[in-house]
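Structure first, commentary second.
The values are calculated or read from the model by the stated rules, or taken from the named source; none is laboratory data. Everything numeric in this text was worked out from a predicted model, so none of it was measured. Methodologically, a virtual Cβ is constructed for each residue, glycine included, from the backbone with ideal geometry; neighbour enumeration extends over all protein chains shown.
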Amino acid sequence: MEKGSPKILVLGIGNLLLRDEGVGIHVVNELHARYQFSENVSLVDGGTLGSRLIGIMSDCEELIVVDAVKNSGAPGSLYRLEGKDLRLNNPTKNSLHEASFLETLLQCQILGYAFQTVIIGVEPEDLSPWSDELTATVKNKVPDLMRAVLEEITRAGGFFTPLPAPADV
């Protein structure tokens, strides 16, 4: 890693077994499959680990979270939340994981970990249990979510290059 390059963590959170709730993990997996990232960028499937992510998050300077976000919008609506939008001390939640994930961010803050956080999200359409398939509405937004994450990586000082497309067998 180049000296002075900020450590950037892209964290996909969600539950793959609840349809659109797993969108963060799907996006991180797609990014990992399609791009090579500079050494200062890490992509992590955070699943539903909540406070068990503190150790991973404690080492970053820039945190980009990808998640399903319930914000009373139309299914497929895209969101970018940061700063006051995250409402760490407010019981009103947006992200489906905010009850535990925002508490995890607050715990990091209390422990003195100082990183910038942005959440890139999409309004889910269906959270039915026992399906790992995204709805067509949310699946069609995956390229937009990927673009938004790549823009955040660039803004934060990371780099990426597309991987060659796999050859058909």
Members of region 110-143 found to be assigned to a helix (DSSP H, G or I) and surrounded by 14 or more Cβ atoms within 10 Å (Cβ to Cβ), listed by number: T137, V138, K139, V142
Subset tally (residues that are within 13 Å of V10 (Cβ to Cβ) and either free of Cβ contacts under 8 Å to residues at least 40 places away in the same chain or β-branched (V, I, T) (or both)) for region 45-81: 6
Options A99, A74, A33: the member that is loosely packed, with under 14 Cβ neighbours inside 10 Å, more than 15 Å from G158 (Cβ to Cβ), under 16 Å from the mean Cα position of the chain (by Cα) and modelled with pLDDT of 85 or more: A33
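Here is a yes/no grid of residues against (1) under 21 Å from D45 (Cβ atoms); (2) at pLDDT 85 or above; (3) aromatic (F, W, Y):
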site	(1), (2), (3)
N90	no, no, no
S95	yes, no, no
D132	yes, yes, no
L150	yes, yes, no
T161	no, yes, no
P164	no, yes, no
Every residue from region 40-72 that is touching a strand residue (DSSP E or B) at 6+ places or on another chain (Cβ under 9 Å), more than 16 Å from F115 (Cα to Cα) and hydroxyl-bearing (S, T, Y): T48
Some residue of region 46-56 being surrounded by fewer than 23 Cβ atoms within 10 Å (Cβ to Cβ), modelled with pLDDT of 95 or more and among the charged types (D, E, K, R): no
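One line per residue, one yes/no per condition, for (1) without any contact (Cβ under 8 Å) to a residue 24 or more places away in the chain; (2) farther than 27 Å from S131 by Cα; (3) part of a helix (DSSP H, G or I):
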position: G4; (1), (2), (3): yes, yes, no
position: G12; (1), (2), (3): no, no, no
position: L31; (1), (2), (3): no, no, yes
position: L43; (1), (2), (3): no, no, no
Test: residue in region 14-28 that is of a type in the set (G, A, S), more than 14 Å from L63 (Cβ to Cβ) and buried (at least 19 other Cβ atoms within 10 Å of the Cβ): yes
